[in-house]
Amino acid sequence: MEGPRGVRPEEIESLHTLTDRVFRPEAVNPPVMAKQYPQLFNADNYDNLRVCVEDGICVSHVGLKAQDAYLFGCRIRTACIGGVCTHPDFRKLGLATLCCDDAWRKAYEEGVDVMIVSGDRNLYRLRGCLRIGDDRVFSVTPETIPPALAELSKTVTLTPLTEEELPLIMECYRAEAVRFQRYPSDYRYLMQSRWAMNSPLDLWVIRERGEFRGYIFAKNPRGQSESNLVEFAGDRHAILAALPELMRRYSLTNLHFQVQRHDRQLRSLCEANGWEGTPRSASGTVALVNFPQLMERMRPRFEELIGVERTAQLRFSQEGEAYRFGLGGEEFTTDRDTATRMVFGTLAGGEPALQGLGGALGEVLRTILPLPTLWYGINYV
């Protein structure tokens, strides 16, 4: 048995066979997973496809995709985990554990701050992956579309995205306050696969009276009566105004979309339409890979919230399982999971340890935390 290590070019076909067998057992035109997620299974990312190999055949795999992201202008480093699987004949040998540990090691050594995993298994929970965040999911039916929105929708058009319009989409996404850093290759992969978050996609451009206003990437319902928005960006009024037309085109009885906690404008607009959001954690499960480094990278944001002098007094450190927050002479030490919930928040509205923390340190931490969470969209692997 070899590994864990990066997959070699001569082994990639066996890796495609493995991932299709586990995730797409009814595939009729393989390799399906590789076609749906080219951003993960491309030659430039082979070293991040960590595998265990038996006689030249991949029998266990953890896929890693490292990518930068911006939280209110602060650049952080993330890694997304996906395609985690083991051949049925080689399960219960700890191979997935070895590959996961290897992926975590590689991520840490390459400067990753936060790990995002498209799953919620003990394999991930043992490595600190938690459900965090406090988003809202809104569900819209034809009966709940208010007259004012129906009237506004008459000024909005939806047209399929073309290659020539990709620069508009790229610039629109770059304006989002919380986002992944994306490259032209990410959008080429999108146009190639038209697939994200385990859904076939329709890519729509929104225009209002002929002017570009934003975009919607929606799950193609394939004849079903429900769908959801996989990603959107741009003018929030125009996005909502496009929903009635989208529902008509698909003949939907229900359309779902998730609004992130930091997107207060969109949440307020939804509530003004009479829609009640259902609490939902952020997409995926999230783990702190390098807690002190993440907090250092967020200092420009903290300076905006509490000032330069007070931010300079903040301290963050980690020793084994001890995570420390400090301000001047005050210090608070906690465990990994509590620290993760403090940093990113929870559906309960805030980690009790943070809410109950006294002194100037508690006041400051409640001002700068929680940090916003990322939405996968087309970065899902």
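The values are calculated or read from the model by the stated rules, or taken from the named source; none is laboratory data. What you are looking at is a predicted structure, and each value in this text was computed from that prediction instead of being measured. Methodologically, a virtual Cβ is constructed for each residue, glycine included, from the backbone with ideal geometry; neighbour enumeration extends over all protein chains shown.
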Counted residues, segment 186-220 - those being among the basic types (Lys, Arg) and not in a strand (DSSP E or B): 3
Yes/no for Asn198 being in contact with a Pro (Cβ under 6 Å, 6 or more places away or on another chain) and over 17 Å from Leu266 (Cα atoms): no
Residue that is surrounded by the fewest Cβ atoms within 10 Å (Cβ to Cβ) [pool: residues in segment 243-273 that are farther than 30 Å from Gly350 by Cα and among the hydroxyl-bearing types (Ser, Thr, Tyr)]: Ser251
Selection count where residues are in contact (Cβ under 8 Å) with a residue 12 or more places away in the chain and of a type in the set (Lys, Arg), scope segment 306-327: 2
His237 vs. criteria closer than 23 Å to Leu152 by Cβ and either over 21 Å from the mean Cα position of the chain (by Cα) or modelled with pLDDT under 95 (or both): yes
Within segment 271-373, strands (runs of 3 or more DSSP E) holding 3 or more residues that are under 16 Å from Gly128 (Cβ atoms) and hydrophobic (A, V, I, L, M, F, W, C): 285-288
Members of segment 18-40 found to be touching a residue at least 40 places away in the same chain (Cβ under 8 Å) and either touching a His at 6+ places or on another chain (Cβ under 9 Å) or not in a loop (DSSP other than H, G, I, E, B) (or both), listed by number: Leu18, Thr19, Arg21, Val22, Phe23, Met33, Lys35, Gln36
Residue within segment 31-43 that is surrounded by 20 or more Cβ atoms within 10 Å (Cβ to Cβ), in contact with a strand residue (DSSP E or B) (Cβ under 8 Å, 6 or more places away or on another chain) and farther than 22 Å from Ser283 by Cα present: no
Looking only at segment 108-166, and only at residues there that are acidic (Asp, Glu) and touching a residue at least 12 places away in the same chain (Cβ under 8 Å), the one that is surrounded by the most Cβ atoms within 10 Å (Cβ to Cβ): Asp113
